[in-house]
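Remarks on the structure that follows.
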Amino acid sequence: MIFEFFADLLGSQILSAIIIAALPLVFIILYVLLANWLERKVSAHMQDRLGPMRVGWHGWLQPIADMIKILQKEDIVAKDADRKLFSAAPVLVFVGCYAAFAAIPFSSAFVGADLELGLLYILAVSSIVVAGILMAGWASNNKYALIGAVRSAAQIISYEIPTVFIILCIIIVSGTLNLTTLSEQQSGTFLNWYILGGDVEGWKKFALIPFMFIGFIVMYISSVAESNRTPFDLPEAESELVAGYHTEYSGMKFAMYLFAEYANMFVVSALVVAMFLGGYQSPFGYVGDLINVPWLIPIEQFFWFTVKGLFFVFVQMWLRWTLPRLRVDQLMALCWKYLIPIAFVNLLIISFLMIL
Amino acid sequence: MLTEFGKVFIFFLMAIIFVVIGVFVASLIRANRPTQEKYLIYECGENALGSPWIKFNIRFYVVALIFLIFDVEIVLLVPWAMVYQDYGFGGFIIGAIFLVLLAVGMVYEWRKGDLEWARPYPILPTVVKKRVKEEIIENKAVTNQEIVVN
């Protein structure tokens, strides 16, 4: 474990914990730069354009140029806005996203905090984001921002319910809330992933496969909605609400919302991966095992986790440029009339299967 | 000795420090040329009319209420999901009864139209509906006043 390694090296657990807490931050910054570039290129190529081409090879330096630009932007707080709440809101939104990284196991050697209640903890901290968004909308003293914020809050809390039902299914099958244990249970080949019934034995494994697959689909749809991405980006629908809850923000505070949004995309993808697609486990086995180099395995695990996470981030971008935006009543109907009943029946069937 | 939640606390501090440092560094570099127009609330270039801190759609409140009911029941279901297999079929039945009650509540909300975003028509109590039908059959004029009184 990397925590013990740094604790021995530095002779202090606090210093070690600070380093552990800083590493995901480095990861987020690199990932946001990559995702920002990728989003532009993906959207451009899907629409038969080229996207940014001027700054660096195929525009790969564009996000860095944007960061420099955004650092120099004037930070405007409107006169009528509630100054304190307005400045505190980006902090809350970012804290909510970043705290979720604490429980995500990047590899068997690197997990921020090995919580026994990891799944429940991630659900709890991601609710802080709702408070931040409501604060931002209310403090802006702007009608677009307020409507965007209340819509966003209604959307995030509604889509939390199908998510929790599917998480309950996983808890029933695996018997644990700890994300590291969950990933360890899916070791071996991809046949042990929970989307294919996990490490359950006998005919139950085959009976579980269709319900796990339904669970995966429901979970992914609701997690896309929870991170406010298209086709569920009602809160920031630019054709009706300008920019939603961050209409009044500019400069670095706006950049924090950008960071939080991209970080949130990765958190929900990572959660889906850890629950259904084997977490950090390789689908085939490890090169480290083959050539007998044990320290290579955690690095390979980190590689697989990042690849799987980034793939689902890519799918979110893909969806954004494929599907049209839903209307607000369709959005609520999708959650309450389709996803929740499906997840509900799924939970009943899985809980019945597991006691047979 | 640092517990696991101690590490989580350091994660929280790290996130706060990142945002504060980011905003602080930007404040050293950025331009600051205020004009009066810049500090107005944005409303598509017009002067803002009235305050946004007014009543908004009751739907959001209803959604929050329904969510609250579900969330409380889900909190009760998490420990059940962890242990029910130790109690065999009895454990499943207890959970199933609980889930069915939740489903009945959901069906009730659905029937009452609380899950519709925009209600096209008010749903009258059933007794009054029948009476209205009968009166239509008898070709009697029914005013809104009568329905409310009865």
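Considering all alpha-carbon pairs of chain A, what whole percent are spaced by more than 34 angstrom?
On the way: 18341 of 63190 pairs.
Counting every Cα pair in chain A, those more than 34 Å apart make up 29 percent.
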Quiz item: In a Debye calculation with equal point scatterers on the alpha-carbon sites of the range B:55-106 and no solvent, what is log10 I(q)/I(0) at q = 0.13, 0.15 Å⁻¹?
Solution: -0.42, -0.51
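Quick check: residue separation of A:Leu323 and A:Lys337 times 0.36 nm, minus the Cα distance between them. What number comes out in nm?
Numbers: separation 14, 0.36 × 14 = 5.04 nm, distance 2.02 nm.
This chain segment gains 3.0 nm when fully extended.
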Quiz item: What spacing in nm lies between the two simple spin-label points modelled at A:Lys69 and B:Tyr39, each 7 Å away from Cα in the Cβ direction?
Solution: 2.8
Self-check item: Accessible area (Å², per residue) of the range B:1-100, counting only protein heavy atoms and a probe of 1.4 Å
Solution: 65
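Name the trypsin sites (Lys or Arg not before Pro) in the range B:1-59 that are in a loop by DSSP and that have at most 13 other C-beta atoms within 10 Å, would you? Present the calculation step by step, with values, prior to reporting the outcome.
Details: sites: B:Lys7, B:Arg30, B:Lys38, B:Lys55, B:Arg59; in loops: B:Arg30, B:Lys55.
Here the sparse-neighbourhood loop sites are B:Lys55.
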Quiz prompt | Under Karplus coefficients 6.51, -1.76 and 1.60, residue-wise ³J(HN,Hα) of the range A:303-313 in Hz, glycine/proline x | solution = 4, 5, 5, 5, 5, 5, x, 5, 4, 6, 5
Quiz item: Using every alpha carbon pair in the range A:103-241, what percent of pairs falls into each 5 Å bin from 0 up to the bin containing the largest distance?
Solution: 2, 9, 15, 17, 16, 13, 10, 7, 5, 3, 1, 0
Quiz item: Percent relative contact order of the range A:173-273, based on C-alpha pairs within less than 8 angstrom and at least six residues apart?
Solution: 15
Quiz item: So for A:Val224, B:Val72, A:Val55, what's the accessible-area order with a 1.4 Å probe, most first?
Solution: B:Val72, A:Val55, A:Val224
Quiz item: Assuming R0 = 45 Å, what is the FRET efficiency of A:Arg83 and A:Leu34, from their Cβ-Cβ distance, to the nearest 0.05?
Solution: 0.85
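Rg/Rh for the range A:1-66 to two decimals, with Rh computed the Kirkwood way over all alpha-carbon pairs.
Numbers: Rg = 18.3 Å, Rh = 14.2 Å.
Looking at the range A:1-66, the ratio lands at 1.30.
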Quiz item: At a probe radius of 1.4 Å, what is the per-residue accessible area of A:Thr322, in Å² to the nearest 10?
Solution: 90
Quiz item: How about the range B:1-54: which GluC sites (Glu not before Pro) there lie in a loop by DSSP and see at most 11 other Cβ atoms within 10 Å?
Solution: B:Glu46
Quiz prompt | At 0.692 mPa s and 37 °C, Stokes diffusion of the range B:15-116 via Kirkwood alpha-carbon radius, µm² per second | solution = 167
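Roughly speaking, to the nearest percent, how much of the protein assembly as shown's 1.4 Å accessible area is carbon and sulfur? It would help to have the intermediate numbers written out before the result.
Working: 16780 of 24270 Å².
Whole-percent figure for carbon plus sulfur exposure: 69.
Suppose only helical runs count, i.e. DSSP H with n ≥ 4. What mean residue ellipticity at 222 nm does that imply for the protein assembly as shown under -39500 (n - 2.57) per run, divided by all residues and rounded to the nearest 500 deg cm²/dmol? Numbers along the way, then the final one.
Working: 20 runs with 331 residues, N = 506.
After summing the helix terms and dividing by residue count, I get -22000 deg cm²/dmol.
Exposed loop trypsin sites (Lys or Arg not before Pro) only (DSSP loop, at most 14 other Cβ atoms within 10 Å): please give the longest stretch of chain A free of them, not including the sites.
Here the longest run is A:80-326.
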Exercise. Would you calculate the separation in nanometres between label points at A:Ile217 and B:Leu76, each defined as 7 Å from the Cα along the Cα-to-beta-carbon direction?
Key: 3.2
Quiz item: Put a dot 7 Å past each Cα toward the Cβ at B:Ala31 and A:Asp8; how far apart are the dots in nm?
Solution: 5.5
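The values are calculated or read from the model by the stated rules, or taken from the named source; none is laboratory data. Here the structure is a predicted model, which means the values were calculated and not measured. Virtual Cβ from ideal backbone geometry, glycine too; neighbours counted across all protein chains shown. Areas reflect the complete protein model, heavy atoms only, side chains present, ligands, DNA and RNA absent. Shrake-Rupley method; radii C 1.70, N 1.55, O 1.52, S 1.80 Å.
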